[in-house]
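Undergrad: First the structure, then my questions, so here it is.
Quick note: the coordinates plus some simple rules give every number you see, no bench work behind them. Given the structure is predicted, the values throughout are model-derived calculations rather than measurements. Cβ placement follows ideal geometry from the backbone for every residue including glycine, while neighbour counts extend to all protein chains displayed.
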Amino acid sequence: MATGDIHRKILQRFEALYRAGIRVWPRPQVVEPSRFPASEPSAGTVISPPSHQTGPMAQPLGQEALAGRAGSQVPIATEPMPMHRRACPTGQGNEPSREDLLRELAEQVAACQRCPALVPYRTQTVFGMGNPRAELAFIGEAPGADEDRLGKPFVGRAGQLLTDMITRGMGMRREEVYICNILRCRPPNNRTPTAEEAGNCRPWLDATLSVIQPRYICCLGATAAKYLLQTDQPIGRLRGKVWEYGAAKVVCTYHPAFLLRSPNMKKEAWEDLKLLLRTMGRPIPGRAS
Ligand code: SF4
């Protein structure tokens, strides 16, 4: 299929998603902790954004809206979204597959130059991998050295632990889920992504998730939780609750790299996986249902 045809099919696909009421890719509904009741919800409570943010045409939260929040602000990417803001074609016809859409997105990401501190040092971009129809998506922080070399997310020691969490912990196969990161380029020396870099890469993340449409998302670590949910709350306060990103339910846990450094925290991570399984309506392995 010619590039122009793929492009047209992608636009048609996004138009179809829009007609179906899926309009979360510009910006997810934002969880605003300060609007929640003062008391802490119990573990497993589903936390929804305030009603004024839940309409199908909920607007992106801009810098002004974030200005009143405590702590550092998360910048909103100012560049156009990769595809959805272009004029939608009116033609119908065969829609592109999710594989086509992700392939097109990955090609665009490979040419991305938005982060001047990252582009010169990357070997390649690391888009994401897994089931394009995954019910569950894992989101980590950024590629490391192994990921940068191989072009795939979570392939080093942390990746092996994530695989164990998925297979031995949750009783699923890694091929069933989708795995990606907040950033698609490795930060030098594996430093934490800056807020600006996370904002730059956010449109790619939103577009990817709008194609896959996972019903459940697991944030791996504080950076993933901070930039997906746009909150400054520490990971310790985000764990044990169910958050929302658009229509997807979100559970936060520790990053596998942190668990490798702090194996005593694996028990806490297992509690998070059990919450995730309960939220998904899946049995907890090793426990009689
Ligand atoms: S991290 Fe994301 S936004 Fe920044 S250069 Fe890489 S692909 Fe582009």
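Undergrad: Using per-residue counts of other Cβ atoms within 10 Å, averaged over each peptide, order 212-220, 165-173, 227-235, 278-286 from highest down.
TA: On the way: 212-220: 24.3, 165-173: 17.7, 227-235: 19.4, 278-286: 13.9.
Highest mean packing first, the order is 212-220, 227-235, 165-173, 278-286.
Undergrad: Could you estimate the translational diffusion coefficient of segment 169-289 from the Stokes-Einstein equation, with Rh from the Kirkwood formula over C-alpha pairs, at 20 °C and 1.002 mPa s, in whole µm²/s?
TA: On the way: Rh = 15.3 Å.
Value of D from the Cα-based Kirkwood radius: 140 µm²/s.
Undergrad: Lysines near LYS241 by alpha-carbon distance under 19 Å, same-chain residues fewer than 8 away left out - which ones?
TA: The reachable lysines, counting only those whose Cα sits under 19 Å from LYS241, are LYS226, LYS249, LYS266, LYS267, LYS274.
Undergrad: Then there is this: Order the peptides 191-199, 107-115 from the highest to the lowest mean number of other Cβ atoms within 10 Å of their residues. If you can, show how the numbers build up before the last one.
TA: Working: 191-199: 17.9, 107-115: 15.2.
Peptide ranking by packing, descending: 191-199, 107-115.
Undergrad: What shape does segment 167-210 have by the C-alpha gyration tensor, where a ≥ b ≥ c are the square roots of the eigenvalues, rounded means a/c under 1.5, and otherwise prolate means a/b greater than b/c and oblate the rest? Let's see the in-between values first.
TA: Values: a/c = 3.52, a/b = 1.69, b/c = 2.08.
Verdict is oblate for segment 167-210.
Undergrad: So, one more: Applying a 10 Å radius around every beta-carbon, put 236-247, 261-272, 138-149 in order of their mean neighbour count, most first. Kindly include the intermediate steps, with their values, before the conclusion.
TA: On the way: 236-247: 18.7, 261-272: 13.7, 138-149: 22.9.
In descending order of packing, they fall as 138-149, 236-247, 261-272.
Undergrad: Mind sorting PHE154, PHE127 by how few other Cβ atoms lie within 10 Å of their own Cβ, fewest first? If you can, show how the numbers build up before the last one.
TA: Numbers: PHE154 29, PHE127 22.
Ranking PHE154, PHE127 by Cβ neighbours within 10 Å, fewest first, gives PHE127, PHE154.
Undergrad: Have a look at segment 108-232 and give its Rg and Dmax from the Cα atoms, expressed in angstrom.
TA: Calculated on Cα positions, Rg and Dmax stand at 13.6, 41 Å.
Undergrad: Then there's this: Between ALA110 and ARG98, 0.36 nm times their residue separation minus their Cα-Cα distance comes to what? Before the final figure, lay out each step's value.
TA: Details: separation 12, 0.36 × 12 = 4.32 nm, distance 1.80 nm.
Full extension from ALA110 to ARG98 adds 2.5 nm.
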